[in-house]
Every structure is written in C-alpha cells, then in structure tokens.
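Encoded as structure tokens, the structure appears first; notes follow it.
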Amino acid sequence: MKLISKYSKMKIFEFIIFVLFAISIASIPIFSFSKSTYLLTWAIVAVTLFCMCTYVFLSKKIIFDVVVMSLIAFPVSAFISSALNGFRGFNFTPMLLPLSSLFIYMFAKTSLSYKKLMFSAFAGICIFLLAFIIRYRNQFLHLDFSQRLGGEFGDENDISILLGFGLTYSLYSAFFCKKVYLNIFYSLLFVLFSICGFLTGSKIFLLILVVISVLCIFMRLGKKRWWISTVIILAMIVALVFILTLPAFSTIASRLKLFFNTFSGNAVSRVDYSSIFRLYMFEDGIEMFLRKPLFGFGIWGFATFGGLNNGWSHNHFSEGLCNFGIVGFTVFHIPFISSVYCYFKSKADKKYTLPFLMLVFFLVSMISLSFFTQKIYAFVSPTVFAFFEQKKITELPFAPLFERKKHESFRNN
C-alpha cells in the first residue's frame with residue numbers, strides 16, 4: 001500500500017513538473033523579451049528546475065553520459081574563453097542555459113518522460129500561439145498585414161523560430177498519429193502555426209516550413225513511394241507560390257523577392273541590406289575565429305571585438321566559432337552529434353522520427369539564430385537528446401540524506 005501511495009505521489013509530482021515546464025516555455029516569448037517582465041521567466045524556470053532536481057534526488061540515481069558531461073564541460077570552456085580575453089563583455093547566460101539543459105535532461109532520463117516533456121513544451125508554444133492571435137486580433141479581423149507581426153513579443157525572427165517549433169511538432173503529429181481526429185486537430189494547428197509564422201515575415205520560417213514538410217512527406221510515404229512524395233512536394237510548391245501572391249502574405253513575398261533580386265544581381269532601386277549585412281557578419285565571425293581558433297574571443301566576443309555591431313553575428317556557426325573557438329564549439333555540439341549518430345545507428349527507427357525532425361529544425365534555425373543564448377534551444381533540446389540511447393559513462397545510485405541517517409541509526413541499534 002505504501003508503494004502504491006509513493007508511486008501515485010511521484011506521478012502527481014511529475015504532472016506538476018509538466019505543467020510548470022509548459023508555462024516556462026510559454027513565458028519565453030510572452031515575458032522574457034521584455035525588460036520589465038523577463039525576470040518572470042527566470043522565476044518560473046527556477047521553480048521548474050528545482051522541482052526537477054528534487055525529483056531526481058527522490059529517484060536516488062544520477063546518470064552520467066556524453067550529454068551530461070558535455071553540458072557540464074561547456075560552461076567551463078566558455079569561462080576559460082572569457083578569462084583568456086579579460087572577461088570583456090562577459091555575461092552568465094551562455095553558462096546558465098547549459099546548466100538548465102542539464103537539469104531538464106537528467107529529469108527526462110530519470111523519469112523516462114521525454115515524450116511527455118516534449119509535449120509539454122509544445123503545449124507551452126500553443127499557449128503562445130493563442131496569445132499571438134489575441135494580441136494581433138485586430139490585424140486578423142481586418143486582414144491588415146502591411147507590417148510584420150510578432151514585434152510586440154520580441155524580435156520577429158526569434159518569434160518565427162518559436163512558431164517553427166510548434167509547426168514541426170504539429171506537422172509530425174498530423175502525419176504520424178494513428179487516430180483520424182488527432183490528424184485533423186494537429187492539421188488545424190499546423191495551419192495556424194504556418195499562417196502566424198508567415199506573418200512574421202521571416203525568411204527562415206519559410207525555410208523551416210519547406211525542409212520539415214519535405215522530410216515529413218518522404219518519411220511518411222517511404223522510399224518505395226518516392227514518386228508520390230515528389231508529386232505532393234511539387235503540388236506543395238505550386239500552392240506555396242500561390243499563397244505568396246495573396247495580399248495577406250505580401251510582406252514576406254516582397255522580402256523574398258528583394259532577397260533573390262539582391263543576390264541574383266537583378267536589384268535595381270532597392271537591395272536587401274539586412275541579408276548583405278548578415279553575410280558580412282558571418283564572414284567577420286569566421287575571420288575572428290581563424291585569429292583565435294582554440295578558445296575564441298569569449299562570451300559576447302563578436303559583439304565586443306567584432307567592430308560591425310554591438311550584438312551577435314546572426315548565425316550560430318560563426319558566433320560559436322568566434323566566441324568559443326573549436327574547443328567550446330565542439331563541446332557544445334557533442335549532444336547534437338551524438339543524437340544524430342544514434343538516429344542513423346538505429347537505421348532510422350520510426351520511434352526516433354520526431355526527435356530527428358526536431359534536430360533538423362534546430363539545424364535549419366542555426367542559419368539565422370545563435371542557440372548559445374536561446375532559451376527555446378536550451379529548454380527543448382534536452383528533451384530531444386533524451387529520446388536517444390546516449391553512450392553511458394556511469395550511473396551513480398545514492399540515498400537521500402534522511403534515508404542514510406535512518407539506515408545508520410538502524411544499523412547502530
């Protein structure tokens with residue numbers, strides 16, 4: 001009876017953690033991009049992480065694998081990189097986020113609840129989707145999309161990545177759920193995420209949509225029906241081109257046209273200075289990396305020493321190599337590389353389809369964002385890594401302090 005009671009309490013505790021995690025994810029776009037409310041996100045996350053650590057403590061074991069070691073090693077490497085550069089421009093975010101990932105990953109592995117935890121993250125993004133629609137309800141009602149949407153919550157590209165996560169999860173569920181009513185439900189969510197993502201005017205969102213859609217179609221129909229997949233994709237491209245001609249999506253259509261005209265040499269009166277500047281920043285970041293290839297320029301190194309702007313380089317790869325060198329960059333990506341290796345080692349087992357799609361989603365997003373300071377990557381990626389059978393180094397069983405004292409007292413008597 002005691003075992004049943006203890007089991008039930010742990011399940012209730014798990015459920016509380018899932019709810020807190022969903023609220024944490026929803027708070028990222030709703031609170032964390034505002035100077036007046038960003039501390040709310042950290043407060044919610046702190047409570048969530050405390051509960052996760054308590055759960056691991058009560059489970060009486062800690063698993064050490066390549067992911068855990070990487071999440072511990074990267075903050076150390078980042079600190080060394082900054083120390084070698086005199087701590088100029090130093091801040092704690094790139095060190096705190098991997099530690100947050102560590103606690104989330106350990107909870108996911110200990111409780112074996114990575115599927116539920118990822119669903120909690122998706123539920124949090126759905127809460128944000130609702131907030132997005134409510135905030136821009138007047139624009140939706142009057143079909144006024146002359147300006148990019150999402151700026152009220154933060155940078156439009158950051159918001160588009162968050163919506164891209166919701167799009168990826170909903171499209172996977174629409175394709176692979178076995179119940180028809182769930183297929184319909186997730187298809188509707190996919191449409192909503194797509195519309196809202198389009199209206200942010202973000203080019204990276206469009207790329208996420210195309211890449212994830214193509215992958216889902218081929219993975220769902222398989223190699224033998226490749227020709228059906230090809231026909232569907234061609235039809236999808238035609239539909240996408242038609243959608244971009246609609247007045248509601250003129251913002252992203254004009255941005256795409258400007259982008260292609262600029263880099264094809266057809267620009268006449270206007271050029272895409274934003275994309276050109278991003279290219280310059282990428283080149284500058286790589287050049288800085290070559291000057292300090294081992295440990296780089298430290299946390300916020302590109303912003304401090306780059307000379308182009310006072311922020312990051314708008315690309316994950318150049319930002320990482322510039323700031324942390326090949327040492328920190330490699331350590332940071334060990335969980336990602338290990339997870340990809342596990343997927344292909346499993347011969348693309350269908351049970352790993354969702355986490356693999358999430359890995360691809362992150363990889364595409366890296367073109368536009370640096371994930372060293374992005375909460376969505378820090379909080380969601382551990383649930384993705386936990387799906388895979390990572391190489392275990394050791395497992396440390398332990399008894400909570402109060403149980404050890406009880407055992408010692410019993411032994412002494």
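Bear in mind that the values in this text are calculations on the coordinates, not laboratory data. This one's a predicted model, so the numbers in the text were calculated from it and none came from an experiment. Please note: Cβ atoms are built from the backbone with ideal geometry, for glycine as well, and neighbour counts cover all protein chains shown.
Compute the separation of the alpha-carbon centres of region 215-267 and region 101-151 and state it in Å as a whole number.
A separation of 24 Å, based on Cα centres.
Taking the Cα centre of the chain as origin, sum charge times position over the Cβ atoms of Lys and Arg (+1) and Asp and Glu (-1), and report the length of that vector in debye to the nearest 20. Spell out each step's value before the answer.
Numbers: 38 positive and 17 negative charges, 326 e Å.
Here the chain has a charge dipole of around 1560 debye.
Under Stokes-Einstein, with the Kirkwood radius over Cα pairs standing in for Rh, what whole-number D in µm²/s applies to region 193-287 at 25 °C and 0.890 mPa s?
Numbers: Rh = 15.4 Å.
Roughly 160 µm²/s, to the nearest whole number.
Nearest 10 degrees, 0 to 90: what angle lies between the long axis of helix 2-31 and the longest principal axis of the chain (Cα atoms)?
30 degrees
Which cross-chain or sequence-distant (5 or more) residues have an amide H under 5 Å from the amide H of Asp272, H modelled 1.01 Å from N in plane?
Amide H to amide H, under 5 Å and 5 or more residues apart or across chains, Asp272 pairs with Thr262.
How long are the three semi-axes of the equivalent ellipsoid of region 253-396, in whole Å, if each is the root of 5 times an eigenvalue of the C-alpha gyration tensor, listed from largest down? Write out the running numbers ahead of the final one.
On the way: eigenvalues 209, 96, 27 Å².
Equivalent ellipsoid semi-axes, largest first: 32, 22, 12 Å.
Which of Phe218, Phe74 has the fewest other C-beta atoms within 10 Å, and how do the rest follow up to the most? Let's see the in-between values first.
Details: Phe218 17, Phe74 28.
Ordered from fewest to most neighbouring Cβ atoms within 10 Å, Phe218, Phe74 come out as Phe218, Phe74.
What ranking do Val331, Val210 get, fewest neighbouring Cβ atoms within 10 angstrom at the top? Could the numbers behind the result be given before it?
Details: Val331 21, Val210 15.
Ordered by Cβ neighbours within 10 Å, fewest first: Val210, Val331.
Hey, which aspartates and glutamates would be in cross-link range of Lys224, C-alpha to C-alpha under 18 Å, not counting anything within fewer than 8 residues on its own chain?
Asp349
Taking the 0 to 90 degree range and rounding to the nearest ten, how far is the long axis of helix 401-412 tilted relative to the main principal axis of the chain, both from C-alpha atoms?
20 degrees
Within a 10 angstrom radius of the beta carbon, how do Ile228, Ile17, Ile134 rank from fewest other beta carbons to most? Please report the intermediate quantities before stating the final value.
Working: Ile228 13, Ile17 24, Ile134 9.
By the 10 Å Cβ count, ascending: Ile134, Ile228, Ile17.
Give me the percent relative contact order of the chain, please, defined on Cα pairs under 8 angstrom at least 6 residues apart.
On the way: 551 pairs, mean separation 100.9, N = 413.
Averaging sequence separation for qualifying contacts and normalising by length gives 24 percent for the chain.
Please report, in Å, the Rg and the Dmax of the chain, where both are computed over Cα atoms only.
Every Cα atom of the chain included, Rg and Dmax give 22.9, 90 Å.
Kindly flag which residue pairs out of Lys61/Lys109; Lys60/Lys351; Lys115/Lys350; Lys61/Lys350; Lys9/Lys60 have an alpha-carbon separation exceeding 19 Å in this structure.
Values: Lys61/Lys109 11 Å; Lys60/Lys351 28 Å; Lys115/Lys350 14 Å; Lys61/Lys350 29 Å; Lys9/Lys60 16 Å.
Going by Cα-Cα distance, Lys60/Lys351; Lys61/Lys350 fall outside the 19 Å limit.
So what is the orientation-averaged projected area of region 121-211, using the convex hull of its C-alpha atoms, in nm²? Spell out each step's value before the answer.
On the way: hull surface 23.5 nm².
Quarter of the Cα hull surface area: 5.9 nm².
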